Amino acid sequence: MKRHIKELPLEELQAWLEKEGEPPYRLKQIQGWAYRKCAPSFYAMTNLSKGLREALDDAFYLYSLVEVGREMALDGTTKFLFEARDGERVESVLIPDRQRLTLCISTQVGCRMGCRFCLTGQEGFRRNLTRGEILDQVTLVRRAVMTQGRDLTNVVLMGMGEPLDNYTETISALKVLISTEGLGFSHRRVTLSTVGLIPQMRRLSSEGLDVTMAVSLNATDNETRSALMPINLLYPLEDLMSTLREYPLPPRKRFTLEYVVLKGINHRKDDAVRLAKLIQGLRVKINLIPFNPFQGSPFQRPSEREVLEFQACLRQRGISTFIRESRGYEISAACGLLRWRSRSKPGLMRF
Ligand code: SAH
Ligand code: SF4
């Protein structure tokens, strides 16, 4: 059976090349084409012999996702819709911001965590993405931006799904993202956002991966947090904060705490006081994300003034706090609005 080349362990690809009578340096050439030049097909790998290109095409797929839709918002934010071989669809969002070009990618089709303020979470879970499907989102969008003479600067795992609930595939994709033979991103430019799965966070700390960690906090007491995020019943706030305290954070790095501001729910003065206490002794910055409403959601978006007041309240306590406006609301590309779909009619695959 044909396999996705991005899912093959390097030793296996090396052994396959050797069997084909190819010298060892071919591996690096193929990686360069697949991850940095983002070749559209094996046939475009022009410094490989025609015979090898044919053999590669017979044995492997270069992509297992195909782009089936693209929408651009007025602010330039672009949502890509990709379809997997089994017809499941996922979305990735490209966010231009001055010199930056950030890609927000998905790690699962749907999400099992069920956070009440998140449309992805409300719509349930279909399946994990494979390492190849996670990497395909980056290589396919990278190819699209390269045709315009640009390159991606940052990758954030903040799309659909909980990255640490798909631990093995996510970590192995991250390794390729930050390796020089792979996509070559600096670990400073890659951010993983988690709902706070403690055992996986502990495991991640021993991987030596060093990417930026963002944790979705969203509340300052267990009662509110559990009502918003069922996972808090399993991993309550005090355990989450002590996990962060024990996390071997590299010097000069800090955690990001994401905080969705829900009108009338989690932005009182009491919250600021409790938040200051929770993060005592931790190097963190807080990103306030005003809630993005969706149909049927029981919450409301706070006014700009309310968000600014909460920010001021936190800043008064010496907490470095930023407001992160989600981009691309009108095309449903903003935080928490991504949704899985599947191909409606089974049909012939076009690739
Ligand atoms: N599952 C991971 C990463 C994806 S969610 C996590 O929860 O961290 C990315 C961010 O979007 C999280 O910080 C989440 O709290 C936020 N978010 C989810 N739904 C939102 C909504 N409706 N409005 C604003 N932010 C939302
Ligand atoms: Fe899943 Fe994150 Fe949405 Fe929660 S906020 S349901 S963890 S995607």
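List the chymotrypsin sites (Phe, Trp or Tyr not before Pro) within region 1-70 that DSSP assigns to loop and that have no more than 12 neighbouring Cβ atoms inside 10 Å. The qualifying sites are Tyr25. Only DSSP H runs of four or more residues enter the estimate; each adds -39500 (n - 2.57), and after division by the residues of the chain the mean residue ellipticity at 222 nm equals -8500 deg cm²/dmol. Cys residues of the chain that find no other Cys beta carbon under 4.7 Å: Cys38, Cys104, Cys111, Cys313, Cys335. The coefficient of translational diffusion for the chain, derived via Stokes-Einstein from the alpha carbon Kirkwood radius under 10 °C and 1.306 mPa s, stands at 74 µm²/s.
The string of couplings for region 62-77 from the Karplus curve (6.51, -1.76, 1.60, θ = phi - 60°) is 8, 9, 10, 10, 10, 6, 10, x, 8, 9, 10, 7, 4, 7, x, 4 Hz, one whole number per residue in order, with x for Gly and Pro. Comparing Glu22, Glu181, Glu325 in a Gaussian network model of the chain (Cα springs below 10 Å), the most mobile by mean-square fluctuation is Glu22.
3J(HN,Hα) couplings calculated from phi for region 228-238 with the Karplus curve 6.51 cos²θ - 1.76 cosθ + 1.60 (θ = phi - 60°) are, in sequence order, 8, 9, x, 4, 5, 5, 8, 10, x, 3, 5 Hz; Gly and Pro show x. 3J(HN,Hα) along region 276-287: 4, 5, 4, 9, 3, x, 10, 8, 9, 10, 10, 10 Hz, from the Karplus curve 6.51 cos²θ - 1.76 cosθ + 1.60 with θ = phi - 60°, whole Hz, x for Gly and Pro. Gap in Å between the Cα centre of region 133-175 and the Cα centre of region 1-17? Using only Cα atoms, the two centres lie 20 Å from each other. Rolling a 1.4 Å probe over the protein heavy atoms of region 176-312, with every protein chain left in place, gives an accessible area that is 49 percent carbon and sulfur.
Around the Cα centre of region 1-77, unit charges on the Cβ atoms of Lys, Arg, Asp and Glu (plus for the first two, minus for the last two) sum to a dipole of about 200 debye. Once a ≥ b ≥ c are taken as the square roots of the eigenvalues of the Cα gyration tensor of region 3-61, is the result rounded (a/c under 1.5), prolate (a/b larger than b/c) or oblate (a/b not larger than b/c)? Verdict is rounded for region 3-61.
Residue separation of Glu18 and Gln148 scaled by 0.36 nm, minus their Cα-Cα distance, works out to 43.1 nm of gained length. A probe of 1.4 angstrom, applied to the heavy atoms of all protein chains, finds Cys118 with accessible area near 30 square angstrom.
The charge dipole of region 134-272, taken about the Cα centre with unit charges on the Cβ atoms of Lys, Arg (+1) and Asp, Glu (-1), comes to about 560 debye, rounded to the nearest 20. Could you pull out the pairs from Lys2/Lys175; Lys37/Lys175; Lys28/Lys175; Lys253/Lys285 whose alpha carbons sit more than 21 Å apart here? Distance filter (> 21 Å) returns Lys2/Lys175.
The values are calculated or read from the model by the stated rules, or taken from the named source; none is laboratory data. Computed from a predicted model, the values in this text were never measured in an experiment. Neighbour counts are summed over all protein chains in view; Cβ atoms, including those assigned to glycine, are modelled from backbone coordinates with ideal geometry. Remember, those area values only see protein heavy atoms, side chains included, never the ligands or the DNA or RNA. Shrake-Rupley method; radii C 1.70, N 1.55, O 1.52, S 1.80 Å.
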